[in-house]
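I'd like to ask you about the structure that follows.
The values are calculated or read from the model by the stated rules, or taken from the named source; none is laboratory data. Computed from a predicted structure; not experimentally measured. Reconstructed Cβ throughout: ideal geometry from the backbone, glycine too, with neighbour counts over all protein chains shown.
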């Protein structure tokens, strides 16, 4: 590791250094002859392992200019890797992600949910990728996996489960990173569901969850009225109990509410 380059707290950098965990991540899906996009390669520890598994191409997107220059030099003899100095959020926003089978990364903790939400809310579906393999801080992973009726169930779970089949693979100790974070991490994979087409505009579901979860300790009654003037009629049509709290609603109920909203208001 180049000792002249330090982690930058502003970029949420914690570099994965444990080779056993790196090997486990690389074996989650078949990388051979696939096009891979890696988010935040850092010092290239995972990148090296991916290269050893003979992918067709790797696009490695690194925001940190110092690390970008380090990676360009480190991998200069490799023909099938392209190092890109860019913010992944801008890459997604500007629809610059081309067809690739696998997107993976040890995501910066401070923007991990933004990255995931941006990929969920893409207009084109099925998307340009076949599999996502991401590492999150464990608390975020627990929210993604949360079931209806639990305290951790919220917007993230509703949005993720709408468009993805999600698998938890393993937790990762803080000792596997440098610098060492204060919390555990978790590796998840996401496979796009082919049929999530009940909404033409995915941002409607994002808005519905934001409104209904804005007072998660209270009944949905008042917030539902912000969405529909004739709340009692709509609730009856949807078989929705307005006395429930948002975390007591199922994913399917949120999808029904979003579909109704789109049908009425476009």
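May I ask you to say which residue of 144, 166 is touching a helix residue (DSSP H, G or I) at 6+ places or on another chain (Cβ under 8 Å), buried (at least 21 other Cβ atoms within 10 Å of the Cβ) and outside the structural domain of residue 210 (by TED's automatic domain parsing)?
It is 144.
Within region 182-194, which residues are closer than 13 Å to residue 139 by Cα and surrounded by fewer than 20 Cβ atoms within 10 Å (Cβ to Cβ)?
Correct list: 182, 183, 184.
Condition first: assigned to a loop (DSSP other than H, G, I, E, B), within 20 Å of residue 100 (Cα to Cα) and free of Cβ contacts under 8 Å to residues at least 60 places away in the same chain. Can you find one or more residues in region 224-231 that meet it?
No: zero hits.
Of the residues that sit in region 11-43 and are at pLDDT below 95 and over 20 Å from residue 188 (Cα atoms), which one is surrounded by the most Cβ atoms within 10 Å (Cβ to Cβ)?
In this case the residue turns out to be 43.
Of everything in region 195-223, what is in contact with a helix residue (DSSP H, G or I) (Cβ under 7 Å, 6 or more places away or on another chain) and not in a loop (DSSP other than H, G, I, E, B)? Give them in sequence order.
Result: 204, 205, 206, 208, 209, 210, 211, 212, 223.
When the residues of region 145-184 are filtered to those that are in a loop (DSSP other than H, G, I, E, B), modelled with pLDDT under 95 and touching a strand residue (DSSP E or B) at 6+ places or on another chain (Cβ under 9 Å), which remaining residue is nearest to residue 213 (Cα to Cα)?
The selected residue is 183.
While we're here: Looking at 191, 187 in this structure, which one is out of contact with any helix residue (DSSP H, G or I) (no Cβ under 9 Å at 6 or more places or on another chain), touching a residue at least 24 places away in the same chain (Cβ under 8 Å) and in a strand (DSSP E or B)? Lay out the reasoning, then the answer.
Numbers: 187 fails: out of contact with any helix residue (DSSP H, G or I) (no Cβ under 9 Å at 6 or more places or on another chain).
So the residue among 191, 187 that is out of contact with any helix residue (DSSP H, G or I) (no Cβ under 9 Å at 6 or more places or on another chain), touching a residue at least 24 places away in the same chain (Cβ under 8 Å) and in a strand (DSSP E or B) is 191.
Given the criterion surrounded by fewer than 21 Cβ atoms within 10 Å (Cβ to Cβ) and farther than 25 Å from residue 168 by Cβ, identify the matching residue among 138, 76.
Result: 76 is the single residue among 138, 76 that is surrounded by fewer than 21 Cβ atoms within 10 Å (Cβ to Cβ) and farther than 25 Å from residue 168 by Cβ.
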